[in-house]
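Colleague: Structure in structure tokens, see below.
Every number in this text was worked out from the coordinates using simple rules, so none of it is lab data. Worth saying up front: this structure is predicted, and the values here are computed from it rather than measured. Virtual Cβ from ideal backbone geometry, glycine too; neighbours counted across all protein chains shown.
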């Protein structure tokens, strides 16, 4: 019974601590989500401030983690949501291992107490006392030994009830985190916040630093420069030098 008493005290402490945690969180969770999402539709800075003030709650830390990033990248935004959600859900499962241990150990300890009591009672029976009033104390001892089994079952059943209750709360939190994270990511993809950490000395809109070379427009002087060049001298097919004929210049007065 002493181990069962210790397990029952631990169970009660964990149950009260978890109940206070869940009641305090569920009362403020929906309000925090609505305020952050409403602010994110208009001003990401305001949404970040609201989430930062709610970091004492798991949902506040979950929403503030991606908003506090300095790098505006959708993939980084999603990774921050997933990592924070995993950490917060792990913290919500605090105390579950203890409840699982109590659920498994309490019935076994109760059964062990019953078996030990039966052993002690049966040792007190003598063959010559069977059928006499001397065996009345033995039957009373057997009845008392069954109390440990009943106590173990009570502790195990109580722990199992609250364990399942906390499991349902965690399942609901998974849905809340998933819905809030999807809505926040959708707003981020539709209108991402401006990154104030961008270096203003670098123009990201420049495609090429090379200036294209512009061709000068063709004028009469450019067009005639090749025509008025000196005659090119070469050789004909017989090896004799000759002068290449030039085209007449339409601007010459003798060709008008």
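Colleague: First measure r as the distance between the Cβ atoms of residue 78 and residue 17, then evaluate 1/(1 + (r/R0)^6) with R0 = 41 Å and state the FRET efficiency to the nearest 0.05.
Modeller: Numbers: r = 33 Å, r/R0 = 0.80.
The value I calculate is 0.80.
Colleague: Apply the a/c threshold of 1.5 to the C-alpha gyration tensor of the stretch 38-92 and tell me whether it is rounded, prolate or oblate. Before the final figure, lay out the partial values.
Modeller: Values: a/c = 2.43, a/b = 1.22, b/c = 1.99.
Oblate shape, in that a/c is at least 1.5 and b/c is the bigger or equal ratio.
Colleague: Here's something else I'd like to know. Can you order the peptides 86-96, 179-189 by their average number of other Cβ atoms within 10 Å per residue, highest first? Mind dumping the intermediate values first?
Modeller: Numbers: 86-96: 14.2, 179-189: 15.8.
Per-residue Cβ counts within 10 Å, averaged per peptide and sorted highest first, yield 179-189, 86-96.
Colleague: Any chance you could run the full-extension gain for residue 34 through residue 120? It's 0.36 nm times the residue separation minus the Cα-Cα distance, nm to one decimal. Walk me through the intermediate numbers first.
Modeller: On the way: separation 86, 0.36 × 86 = 30.96 nm, distance 6.44 nm.
Using 0.36 nm per residue and subtracting the Cα-Cα distance, I get 24.5 nm.
Colleague: Follow-up question, since we're still on this one. With a ≥ b ≥ c the root eigenvalues of the C-alpha gyration tensor of the stretch 2-190, is it rounded (a/c under 1.5), prolate (a/b larger than b/c) or oblate? The partial results should precede the final answer.
Modeller: Working: a/c = 5.56, a/b = 4.51, b/c = 1.23.
Since a/c reaches 1.5 and a/b is larger than b/c, the shape of the stretch 2-190 is classed as prolate.
Colleague: Between residue 68 and residue 1, how high is the FRET efficiency from 1/(1 + (r/R0)^6) when r is the Cβ-Cβ distance and R₀ = 45 Å? Nearest 0.05.
Modeller: Details: r = 52 Å, r/R0 = 1.16.
Calculated transfer efficiency: 0.30.
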